[in-house]
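Here the structure is laid out as structure tokens; the discussion comes afterwards.
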Amino acid sequence: MGLEANISMLAPGLRGMTAWLQNQSPQIPYSGVPVFPTQGSDMARNVDYLYFYLVAVTVFFTVGIFLAIFYFAIKYRRREDDEVGEPIHGSTRLEIIWSVIPFLITMVMFGWGASLFYDMYQPPQDAMQLTVVGKQWMWKVQHATGQREINEVHVPVGKPVKLVMTSEDVIHSFYLPVFRVKKDVIPGRITQLWFTPTTTGTFHLFCAEYCGTKHAGMGGRVVVMEPAEFQAWLAGAPAGETLEQAGARLFKQFNCATCHEQVAGARGPALENILGRSVELQGGGKITVDETYLRESILQPSAKLVAGYENVMPAYQGQISEEGILQLIAYVKSLTKEERKAAQK
Ligand code: CUA
């Protein structure tokens, strides 16, 4: 491959870095440090603080250890050829100190990191939902209200946004440095990522997992808008079917309702309220129903049968696109909502 081709492949990445640098915002603490992108979400601030703590601990001990090495090397240097050092028999007090202090320091890293991790992996219930399908080499995004985008995500500021993601081909990784969130997008699995943008603007989006020749070009932008502006944008973009409507259409098209009825003796399990529920599997064991399990059960129903049902469902592998599956799942989730609504009446 020629040098020029190599450089042209690098170009999108370099443009991305430039865009980052331009996004530096002086009013946000630390964001003036040139290696840090803008802090575009609450999460970003917390991730940065944890990162600074790690850097501070590392610098403190690196400097301390090096200074001690030089100090002791000079202070206890051999002064005469036949000089023999005094034997050391250890110090319990010293050993306790240098065990307990690092233990506490690392436990802070663990506790702090774990709590951030839990925040990151638990999207709020009221989050606005978008689906993302990665493929070589683009990001296909669809809003719950139906609007589609490619390599762009428009979101309102100040509202939690949840991305439900999967891949059509290989492993990609959806990375938004400004929000300090990143999640692998994996074929055969449905992963989630969420953030609450705190500043309006246009920010870079990357694929952070090498996925083939044009991986470096698999980027895009996230446009964070004022809520009113966002509503205007939504109204202006062609919507077509909402996610749920598209799912309902597929549900009908594939005659899912024939078996998945909420009646006694139905051939398939009822789907109302199914997400998040724990079900017994044929042959023992339990599984908590999540998006990935629903996906598998659509494509390969025999893989994990719910106890008490026969293996009669046809496999839909190759008949439904990844986007179609996300739409079907959105529809199944809406069944939950409707039942909840009915229960409240
Ligand atoms: Cu997709 Cu790298």
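A few comments on the model shown:
- Breaking point among (1) hydroxyl-bearing (Ser, Thr, Tyr); (2) within 16 Å of the ligand (Cβ to nearest atom); (3) surrounded by fewer than 19 Cβ atoms within 10 Å (Cβ to Cβ), for residue 191: (3)
- Residue 185 more than 10 Å from the ligand (Cβ to nearest atom), touching a residue at least 40 places away in the same chain (Cβ under 8 Å) and crowded, with 24+ Cβ neighbours inside 10 Å: no
- Selection status of residue 164, more than 11 Å from the chain's Cα centre (by Cα) and outside any helix (DSSP H, G or I): no
- Scan of region 167-182 for residues that are surrounded by fewer than 17 Cβ atoms within 10 Å (Cβ to Cβ) and either under 10 Å from the mean Cα position of the chain (by Cα) or more than 13 Å from the ligand (Cβ to nearest atom) (or both), ordered by number: 182
- Residue match in region 112-120 (condition: over 28 Å from residue 65 (Cβ atoms), touching a residue at least 60 places away in the same chain (Cβ under 8 Å) and assigned to a strand (DSSP E or B)): no
- One residue from 153, 141, 100 being modelled with pLDDT of 90 or more and either outside any strand (DSSP E or B) or more than 16 Å from the ligand (Cβ to nearest atom) (or both): 100
- Among all positions in region 160-180, there is no residue which is closer than 15 Å to residue 140 by Cα, free of Cβ contacts under 8 Å to residues at least 24 places away in the same chain and not acidic (Asp, Glu).
- Evaluated against (1) within 22 Å of residue 182 (Cα to Cα); (2) over 24 Å from the mean Cα position of the chain (by Cα); (3) modelled with pLDDT of 55 or more; (4) of a type in the set (A, V, I, L, M), residue 47 falls short on exactly one condition, (2).
- From the options 258, 198, residue that is away from the ligand (no atom under 16 Å from the Cβ), at pLDDT 90 or above and polar (S, T, N, Q): 198
The values are calculated or read from the model by the stated rules, or taken from the named source; none is laboratory data. Owing to the predicted nature of the structure, the values given are computational and were not obtained by experimental measurement. Counting neighbours? That spans all protein chains shown, and the Cβs are built from the backbone with ideal geometry, glycine included.
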